[in-house]
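Q: Handing you a structure now.
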Amino acid sequence: MLPRTALRNSRGVTSLLAARPAFMARATARPALAATVVAARPSVALALRAYSAATKLKEEEDFFAMAEDLPAKPAAAGKSDSLIPDGVTSEDGFFADELTHSEKPRKGKGHKSPDAPEDENATTALVPFHSLKGRMNADLLKALTFKPFNLIAMSEVQKRVLSRMPELAGGITQKAVREKEDAEQLAAREQREHRGREDLLVKAKTGTGKTIAFLVPGMEARVHQIDKIAAQPKQDGSIPSLSEQGLTRRQATRTHVGTLVISPTRELATQIANEALKLLTWQKENQVQLLVGGESRNAQLRNWKSVRYGRKDVVVATPGRLVDLLSEPEVAEAIATTDVLVLDEADTLLDMGFSEDLKRVLEHLPKQRQTFLFSATVSQRIKGVAREFLDKNHSFIDCVPANESNVHKHIPQFITVLPSPKEQLSHIVRLIAHDQLTNEGASKIIIFLPTTKQTMLTATLLREMSSSLPHRLSVHEIHSRLSQNQRTRASERFRSDKSDSILVTSDVSARGVDYPGVTRVIQVGVPSSAEQYVHRVGRTGRGGVTGGRGDIVLQPFEAGFEDALKGFPITDADVDSFKTEVEGLAKGTPAEARLNGIDAKVEQLLPLLDPAAIEDVFMSLLGYYLGKSDVMSQAPETIFEGLKQWTVDAGGLPQPPHVSPNMLSRLGLSPKRNSRGGSAPRDRKTFGVNRSMGGDERQSRRFGDDRPPRRNFERNERGGRSGGDRPRRNFGDRNERRGFGGDRDRPQGRGFDRGADGPRRSFNRDRGDRNDRPRRSFSRDSEF
């Protein structure tokens, strides 16, 4: 029985129902079913076995034959010397240029870490994965070189870490490999044996394949950990029988943690868990536990304690949920047996304030363990964490050469300071149109916004403006108001979308999460810091892929952030000049008339916005920007006046919202009597009704005036469906804040109903071979 390796998408009925008018009241999302349990649900018989049930391959199917053992194949005429395997396209975004074209070696002399080879050419030469034959588990190697990864050559970080196998994971090089070693290979092996199972501090940029670099040693070490436990003598000193060793193995896989990976965000943790599942494609008995917030805590505990589904070969967790679950004795006891600890994106863990959580986790970890710390930067704070978590004799691997530019420096970047907030929406639409015209059929954009409520508002407005774009646009959104299950589905839909698409998101997607093929990053407003600006821009041009573009759009009161970007390769982009450029690209095409009507469409759209929703966005931006006055080099009063102007020019309000003197004092602003602007306090019974328009006119142009007070962006003239992934959007009643940005209720459907003893579900997709191999992915779209 072959494993399920294709990880295909299946857009079923519930996915097709996603395309809805944007100005409809969004239904409150029902609680998502548990989505963070173990990786595989084999039959009871297979779950109790301690061997792989993978099909035995024929001799001609030896995928790991060394290059010298294979007959040379003549190159086909006209074909490039590409290392990309058949069936894998460049749009997959997995292969960096230097890993797929042998005629393009990396140039330049890299900065040497303590373990760097003396020969400079050794650091630039391509090293194939099949060179690890005899030095790592055959099933893992099959997953890497055959299905599902189909990899050929290692990236720099993979080469530097995996070259230490198998001794890094506590293994021994096979005898057949040792007998063929030359003097140089013998010396390298003796050096590896001297190092043994060492701790590593690895400096590597995101998007360079470091997930495989730390998962492979962790999974290898798990095999040796269980073997060692099973072979331990009994209390009377006798050697356990094979049956007793089998029982010990089964128990140890459920009481001992193999590899514990701590990741800063749910999205990145989910991505790592999926990579682990793919690596375990040919090891059916192994399982992955995913412990993240936003999912059912009870469901995670049930699977943790389960005899059938409670294997802890790989545990991927976010710090908050892990600390929460450590209060459970079963979790604390298992974590205390952790064999390998991985801190991924360690600099982000510190930036997000997880220092205290990491210290709490450290208190529960065993002192005798192996630790890998991966970080894009090695600051003094990272060195402090290394002193706490790593052995004093740990090795440092630097995969970022000193003369290699940061990822953001090779990406064209542009900054636009708008003349007034009125041009904000129309300029964003033209940026999207420009990307569609310059990346025909391959436009993939991420828009970052400062707050959750502005993210929701912008996503709604872009759905309404999609008819003014050259091509159909799918709009996806991710923010903190969505449940983890909804965020995961949106992330996967955007990742797998092959048409022109856009992801409107807050900073949950700014670091670590990989979206292949992103052609442009648009930042609306001021990010939290210059470093966060870089992390956002880094969502495009990943893995050495050329192309991509970054744009940041600022209002007049935000222009002070330009000072924080001094030294960055950013070009000024004027609104009028860019408008002329876009119209020139569209001239003579069917999109010309649509693009010429963008400003008029915006003017028609603004009066239809719910003023209460605009007030909510205004208050969220006010709270955000008052904490960024030093980054923006602006006085709080200037920020306040600028945001009030935004509500009128970009939000369509007849006058700025009223803010009570008490609220101004709490925000650190001095109340001014008879100050300009400020509407009277709203009667909550009329919440969601625009008072600036006559009753009959408003009722004819708005949706649901006779309903109980709600906040929505709807207008009833959009009765039909339009393209894209368009769930309902509403801003909800103040007593039901979760309606603000929640996803639609999904009907109970096929493929996700789980009884007490039912088959394990897939978090990926609706797959026809579910019964053949009931494994799952943590982040893919399920139908339910």
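Q: So, in segment 484-500, how many residues would count as being outside any helix (DSSP H, G or I) and either buried (at least 24 other Cβ atoms within 10 Å of the Cβ) or modelled with pLDDT under 85 (or both)?
A: Going through segment 484-500 one residue at a time, the tally reaches 1.
For (1) at pLDDT 85 or above; (2) outside any helix (DSSP H, G or I); (3) surrounded by 16 or more Cβ atoms within 10 Å (Cβ to Cβ), each residue gets a yes or a no:
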site	(1), (2), (3)
G110	no, yes, yes
A116	no, yes, yes
L140	yes, no, yes
R164	yes, yes, yes
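Q: Also: Of all residues in segment 166-194, how many are of a type outside the set (A, V, I, L, M, F, W, C) and in a helix (DSSP H, G or I)? Before you say what the answer is, go through the steps one by one.
A: Restricting attention to segment 166-194, the residues satisfying the condition of being of a type outside the set (A, V, I, L, M, F, W, C) are 166-167, 170-171, 173-175, 178-182, 184-185, 189-194.
Checking the rest, the ones that are also in a helix (DSSP H, G or I) come to 167, 175, 178-179, 184-185, 189-194.
The total comes to 12.
Q: What is the number of the single condition among (1) of a type outside the set (K, R); (2) farther than 25 Å from M352 by Cβ; (3) at pLDDT below 90 that M465 does not meet?
A: Looking at each condition in turn, M465 falls short on (3).
Q: Here's another thing I want to ask about it. Sort out which residues of segment 430-474 are among the charged types (D, E, K, R) and part of a helix (DSSP H, G or I), and write them in order of number.
A: R430, D435, K453, R463, E464
Q: Moving to a separate point now. Let me spell it out: the conditions are (1) under 23 Å from T647 (Cα atoms); (2) loosely packed, with under 11 Cβ neighbours inside 10 Å, and T571 meets all of them except one. Which number is the exception?
A: Result: T571 passes all but (1).
Q: Kindly evaluate D610 against the criterion of being buried (at least 19 other Cβ atoms within 10 Å of the Cβ) and not small (G, A, S).
A: Working: buried (at least 19 other Cβ atoms within 10 Å of the Cβ): yes; not small (G, A, S): yes.
Criteria met by D610.
Q: Of all residues in segment 247-304, which are polar (S, T, N, Q) and touching a Phe, Trp or Tyr at 6+ places or on another chain (Cβ under 6 Å)? Before you say what the answer is, go through the steps one by one.
A: To start, the set of residues in segment 247-304 that are polar (S, T, N, Q) comprises 248, 251, 253, 255, 259, 263, 265, 270-271, 274, 281, 283, 286-287, 289, 296, 298, 300, 303.
Passing the criteria: T270, N274, N303.
Q: In the same structural domain as D344 (by TED's automatic domain parsing), touching a strand residue (DSSP E or B) at 6+ places or on another chain (Cβ under 8 Å) and of a type outside the set (A, V, I, L, M), is that true of E184?
A: On the way: in the same structural domain as D344 (by TED's automatic domain parsing): yes; touching a strand residue (DSSP E or B) at 6+ places or on another chain (Cβ under 8 Å): no; of a type outside the set (A, V, I, L, M): yes.
Criteria not met by E184.
Q: Moving on. Can you list the helices (runs of 4 or more DSSP H) lying wholly within segment 516-616 that have 3 or more residues being among the acidic types (D, E)?
A: Working: elements: 530-537, 575-586, 592-596, 598-605.
Hits in segment 516-616: 575-586.
Q: Give the residue that is farthest from E275 (Cα to Cα), with candidates limited to residues of segment 207-239 that are of a type in the set (S, T, Y) and touching a helix residue (DSSP H, G or I) at 6+ places or on another chain (Cβ under 7 Å).
A: T208
Q: Within segment 226-266, work out how many residues are closer than 30 Å to S491 by Cβ, assigned to a helix (DSSP H, G or I) and of a type in the set (A, V, I, L, M).
A: Step one: of segment 226-266, the residues closer than 30 Å to S491 by Cβ are 257-266.
Still in the list and also assigned to a helix (DSSP H, G or I): 266.
Checking the rest, the ones that are also of a type in the set (A, V, I, L, M) come to none.
Residues flagged as closer than 30 Å to S491 by Cβ, assigned to a helix (DSSP H, G or I) and of a type in the set (A, V, I, L, M) within segment 226-266 amount to 0.
Q: Any chance segment 403-414 includes a residue that's free of Cβ contacts under 8 Å to residues at least 40 places away in the same chain and within 23 Å of the chain's Cα centre (by Cα)?
A: We begin by selecting, within segment 403-414, every residue free of Cβ contacts under 8 Å to residues at least 40 places away in the same chain; these are 405.
Among the residues that remain, those that are also within 23 Å of the chain's Cα centre (by Cα) are: none.
No, segment 403-414 contains no residue that is free of Cβ contacts under 8 Å to residues at least 40 places away in the same chain and within 23 Å of the chain's Cα centre (by Cα).
The values are calculated or read from the model by the stated rules, or taken from the named source; none is laboratory data. Just so you know, these numbers come straight off a predicted model, no measurement behind them. In this analysis, Cβ positions are derived from the backbone assuming ideal geometry, glycine residues included, and neighbour counts consider all displayed protein chains.
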